[in-house]
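Novice: Before I ask anything, here is the structure I am working with.
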Amino acid sequence: MALDINWFPGHMRKTLRSIADQLSLVDVVIETCDARIPFSSRNPELDSLISGKRRLLVLNKSDLADEKVTAAWIAHYKEQGIVAVPCDASHRKGLDLIRKNCQLLCADILERAKNKGRIGRPIRAMVVGIPNSGKSTLINALCNRKVAITGDRPGVTRGYQWARSDSMLELMDMPGVLWPKLASRRSQLCLTITGAIKSEVVEMTDVASEGLTILIDRYPVETCERFRIDAPGTEGFISDPDERFLAAAKNRGCILSGGRIDEERFAAIFLDDFRSGRVGRITLERPDRPE
Ligand code: G4P
């Protein structure tokens, strides 16, 4: 798989600059990442930019991720002094935990405001996250309505906007592209499998074939059951990844007239099954083995 998606460095620099410019206006930064790939779905430059700021890391899409591994990531971040919480913004789960942690993180600010007579001063939070990490879904869920999200598509350059969550939380939505640093091919693959990198720019059969190999390595039982292939350690296990992919496609009925395997169709089925959680709750990266 050859990917070249570190494509908008100028635009990303601009986003990072505008985040830096607005930081003084907020009390806390809420960063969304994808709980299935916490390593690859974060922007390391953002990390250093907001290091002096109170920060809450939201492991979003936790409904799709392996619960135990999410807990391990949360413990890992705790060791680094970062508060992380699981969230399923789509189903509005974890929102109270976010509110509560924002309050805890900003307790001293609220206390100072109270002492000055400003009881009930709302917490101001900047929401940032790479595309597809669920930033818009989270803002909408916290605000309980569809907030017009400032475009995070390249070329769209609008200023930030405030959205009121409730009487205690105001959210600043930062526009702009905030791509992760695509340090490794493995990260690119993870971002593609989870849907952050869109299909048009890559060969999806390669992505699905490699994805199948990763899933078999990490979650052999669930994966082999779903795609009706023999599991590692059993007699029928096919060790060659290409042959295995074709066997899985055949078992799923992806056969063209003339008997040729319809790899494209199976690639789409594989990715849809994974992304929708039908293979199971799967996390591709672990704190002890991020790559
Ligand atoms: P963004 O602003 O960070 O770019 O992400 P956005 O909220 O648009 O969410 C991207 C996709 O992820 C959406 O799916 C959204 O419904 C889904 N999503 C967001 N949060 C969660 C979550 O907690 N759990 C689950 N299961 N899904 C979540 P989509 O509309 O189908 O878009 P796409 O996947 O076709 O890009």
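The values are calculated or read from the model by the stated rules, or taken from the named source; none is laboratory data. For clarity, every value in this text was computed on a predicted model and none was experimentally measured. Neighbour counts are summed over all protein chains in view; Cβ atoms, including those assigned to glycine, are modelled from backbone coordinates with ideal geometry. Side chains included, ligands, DNA and RNA excluded: accessible areas come from the protein's heavy atoms. Shrake-Rupley method; radii C 1.70, N 1.55, O 1.52, S 1.80 Å.
Novice: Taking the chain as the reference, fit the longest principal axis to its C-alpha atoms, fit the long axis of helix 241-251 to the helix C-alpha atoms, and give the angle between the two in degrees, 0 to 90, nearest 10.
Specialist: Here the helix axis deviates by roughly 80 degrees.
Novice: Applying 1/(1 + (r/R0)^6) with R0 = 41 Å to the Cβ-Cβ distance of Thr234 and Arg260, what FRET efficiency is obtained, to the nearest 0.05?
Specialist: 0.90
Novice: Based on alpha-carbon positions alone, could you give the equivalent ellipsoid semi-axes of the chain from the gyration tensor, as √(5λ), descending, whole Å?
Specialist: Equivalent ellipsoid semi-axes, largest first: 39, 20, 16 Å.
Novice: Strictly greater than 15 Å: what percent of every Cα pair in the range 44-106 meets that?
Specialist: 54 percent
Novice: Check Lys93: other-chain or 5+ apart residues with amide H under 5 Å from its amide H, H built from backbone geometry?
Specialist: Counting only residues 5 or more places away or on other chains, the set is Asp88.
Novice: For the chain, with only Lys/Arg (+1) and Asp/Glu (-1) charged at the beta-carbon, what is the dipole magnitude about the Cα centre, in debye rounded to 20?
Specialist: Roughly 1660 debye, rounded to the nearest 20.
Novice: Output wanted: per-residue J couplings in Hz (rounded whole) for the range 79-96, from phi through Karplus 6.51 cos²θ - 1.76 cosθ + 1.60, θ = phi - 60°, x for Gly and Pro.
Specialist: 4, 8, x, 10, 7, 10, 9, x, 8, 10, 4, 4, 9, 6, 9, x, 5, 5
Novice: Follow-up. Using +1 at the C-beta of Lys and Arg and -1 at the C-beta of Asp and Glu, which of Ile214, Ala268, Met204 has the Cα lying farthest in the positive direction of the dipole of the range 203-276?
Specialist: Ala268
Novice: How fast does the range 234-288 diffuse by Stokes-Einstein, in µm²/s, taking the Kirkwood radius from C-alpha pairs at 10 °C and 1.306 mPa s?
Specialist: The Stokes-Einstein estimate is 124 µm²/s.
Novice: Still on this model: Simple spin-label model, 7 Å along Cα-to-Cβ: Ala71 to Asp206 in nm?
Specialist: Inter-label distance under the simple model: 3.9 nm.
Novice: Report, in cubic angstrom per residue, the convex hull volume of the C-alpha atoms of the range 1-104.
Specialist: Per-residue hull volume (Cα only) is 129 Å³.
Novice: Give the accessible surface of the range 109-151 per residue, rounded to a whole number of Å², with probe radius 1.4 Å and ligands, DNA and RNA excluded.
Specialist: 47 Å²
Novice: Kindly express, to the nearest 10 degrees and within the range 0 to 90, the angle between helix 185-194's C-alpha long axis and the longest C-alpha principal axis of the chain.
Specialist: Relative to the chain, helix 185-194 is tipped by roughly 90 degrees.
Novice: Give me the mean projected area, in nm² to one decimal, of the convex hull enclosing the Cα positions of the range 203-276.
Specialist: For the range 203-276, averaging the hull's shadow over all directions gives 4.7 nm².
Novice: What FRET efficiency comes out for Arg92 versus Gln161 if R0 is 25 angstrom and r is the Cβ-Cβ distance? Round to the nearest 0.05.
Specialist: According to the calculation, E is roughly 0.70.
Novice: Right, something else. Using the crude model of +1 on Lys and Arg Cβ and -1 on Asp and Glu Cβ, and no other charge, please compute the dipole size for the range 24-171 relative to its Cα centre, in debye to 20.
Specialist: Once rounded to the nearest 20, the dipole reads 580 debye.
Novice: To continue, here is another question. Using the Karplus equation 6.51 cos²θ - 1.76 cosθ + 1.60 (θ = phi - 60°), what ³J(HN,Hα) coupling, rounded to whole Hz, does each residue of the range 59-65 give in order, writing x for Gly and Pro?
Specialist: 7, 7, 6, 5, 5, 9, 9
Novice: With viscosity set to 1.567 mPa s and temperature to 4 °C, compute the Stokes-Einstein D of the range 10-173, Rh being the Kirkwood radius across alpha carbon pairs; µm²/s, no decimals.
Specialist: Result for D is 80 µm²/s.
Novice: At a Förster distance of 35 Å, what's the computed FRET efficiency of Ile82 paired with Asp242, Cβ-Cβ distance as r, to 0.05?
Specialist: 0.30
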